[in-house]
Amino acid sequence: MKSFIQNTLISVLMLCSFTVAAELPSWGMTENQYKLPNFSSKMSEIGAQATKNNWLLKVTAPKDWHATIRNGLTNTGERDVQMTFKDSLYQSIAITAVKGAKVAKISSSSSSDTPVQKQVIIDKPEIDTEVEAPDFGDTSFENNNSDLLEGISNMQITVPPANGSTDSAYEPSRTEVAQPEPAVRETAPQAVSEPVVAATPAAPAEESDAAITEENKEDLRKRYARTKRVEKEMSYANITSKDDLYIQGDVVLIKRFVNQGVVIYFWMQEAYDPAEHKLIEKGSGKYQKDPEAVAGDTPKAERQEAVVEATVEPTELNFVAVDTNIEDQDDLRRSHARNKRIDLSIVADQLKEDDILYVLNQTVLVERPLTSARSTYFWLVGDTTITRAVERIGDDEFLIK
């Protein structure tokens, strides 16, 4: 019975201790509360509770706030508060109370009976730092320099040939080195080698015009052609006032809009010459061909080229193209357009260089390459008299030159 009562009392005491430990408070404040006028009085109240209940306050706050929080808790140094500080990355304050160190109440030497609380200072254990060096007895360390120098006069020195030859026919001479005088030392004669003249590095070759042109093309392609490959060229005479032009050095990038907003890029065949090629600035690095030049003011060489092109004999397919034969259209789409739907039609005068014609009866499919991997497609309708040069590239397949 007595043992049962003891066990019960122990359990009650443990529960009471756990309850007391769990009741220790904590506080949290935001940056706005830190900036309020009553912040110092709130900290003073927390410090007074900590002093009264012998708590250790663990404060987590930004480093710049530590001094203000310390002054508030100690009421500017008027009370002793046990506290620790930890830096925080967040603009907030967290204060947790834990059981503090025991303090002793020491009576003042004056007549006053008011107890004074002092923080306990734990003395560090004394460490004996006086260690005597061990006694090794009488020990003498002798050197053997005299033994090493004793036979130096009998040493034989072999002088290698000056040219570093290892030919077996060469026999190096062996001489006995006499004991040198203290102030004079004989040295083996060394062959005088001719100074080696370092080769002067060749000056770097100037960058060729072709390399500069390629660099200008690459810059224009990245800035204005969305890094697309530009492989086609167009002469200055074929540029219209609707084309957007971009210039760098002597290179001109041509941007042309076709049906349904499709864009095709070209390089101007000629090297850009401001005195010869009439371009006007539109702003933001964009140029266009001068309308007067479009009307016919082109360089003489280009006018001759235009005349030569105009003398090309027309090519006649000798039928009227239609876009109403659904069966023939389906065959051509499956064979040459990856079965894409084609809704647009053009006439013979709208054909351009590099267009490919696929003919089946009276139905003609026109493929217009945009890039090396993309093309747009049309149906040819009406008269099939083609005024441009035409090259047959296969059975019922033709290339516009």
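Within the range 244-329, which strands (runs of 3 or more DSSP E) (wholly inside it) include 2 or more residues that are under 48 Å from the mean Cα position of the chain (by Cα), at pLDDT 80 or above and of a type outside the set (S, T, N, Q)?
The qualifying strands (runs of 3 or more DSSP E) are 244-248, 251-257, 263-268, 279-283, 286-289.
Do we have Val364 as surrounded by fewer than 15 Cβ atoms within 10 Å (Cβ to Cβ), touching a residue at least 40 places away in the same chain (Cβ under 8 Å) and outside the structural domain of Arg229 (by TED's automatic domain parsing) here?
no
Restricting to the range 367-396, name every residue that is touching a strand residue (DSSP E or B) at 6+ places or on another chain (Cβ under 7 Å), touching a residue at least 60 places away in the same chain (Cβ under 8 Å), more than 19 Å from Ile264 (Cβ to Cβ) and not acidic (Asp, Glu).
Val381, Gly382, Thr384, Thr385, Ile386, Val390
Within the range 60-74, does at least one residue satisfy the condition of being among the basic types (Lys, Arg), modelled with pLDDT of 90 or more and at negative phi?
yes
The values are calculated or read from the model by the stated rules, or taken from the named source; none is laboratory data. Bear in mind that the values here come from a model prediction, so they are computed numbers and not experimental data. As a convention, Cβ positions derive from the backbone with ideal geometry for all residues, glycine included, and neighbour counts pool all protein chains shown.
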